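Note sheet for the following structure.
The values are calculated or read from the model by the stated rules, or taken from the named source; none is laboratory data. Here the structure is a predicted model, which means the values were calculated and not measured. Don't worry about glycine lacking a Cβ; one is built from the backbone with ideal geometry, like all the others, and counts go over all protein chains shown. Accessible surface areas use protein heavy atoms only, side chains included; no ligands, DNA or RNA. Shrake-Rupley method; radii C 1.70, N 1.55, O 1.52, S 1.80 Å.
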Amino acid sequence: MKFSIARLCGGQALMAVSVDIMDVDMEAAAKKMEEEGLKITSKDDQMIVYEWNGMETTLYRPGKVMFFPLSDKATCIRYATEILEKYQ
């Protein structure tokens, strides 16, 4: 997977944006997260906000993933790849 990276929240958060066109099934992703015991704090048909790996993580329908707090771009890409491979 290839991503562009955006730095947000004064550099304390990173968002990986997939360059591939994606349409994540948010309902199926949320169900799988809940089965894995992840704490979902907010969800709708466009995004899921949940606690993962000590961070607030947001998965967006078009294949974007935001991590807060996170500042390392290589880690952001690795985490986003892991998440999108699992929930797309």
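Points to keep in mind about this one:
- Per residue, the range 27-88 exposes an accessible area of 56 Å² to a 1.4 Å probe, with every protein chain left in place.
- Sparsely packed trypsin sites (Lys or Arg not before Pro) within the range 1-62, loop by DSSP, other Cβ within 10 Å at most 11: 2, 39
- Accessible area (Å², 1.4 Å probe, nearest 10) - residue 71: 80 Å²
- The GluC sites (Glu not before Pro) of the range 1-82 that DSSP puts in a loop, and whose beta carbon has at most 14 other beta carbons within 10 Å, are 36.
- Short-range pairs are left out: with C-alpha atoms under 8 Å and at least six residues apart, the relative contact order of the chain is 32 percent.
- Of every Cα-Cα pair in the range 23-88, the percent that sits beyond 14 Å: 53 percent
- Mean ellipticity per residue at 222 nm, deg cm²/dmol - from DSSP H runs of n ≥ 4 across the chain, formula -39500 (n - 2.57): -9000 deg cm²/dmol
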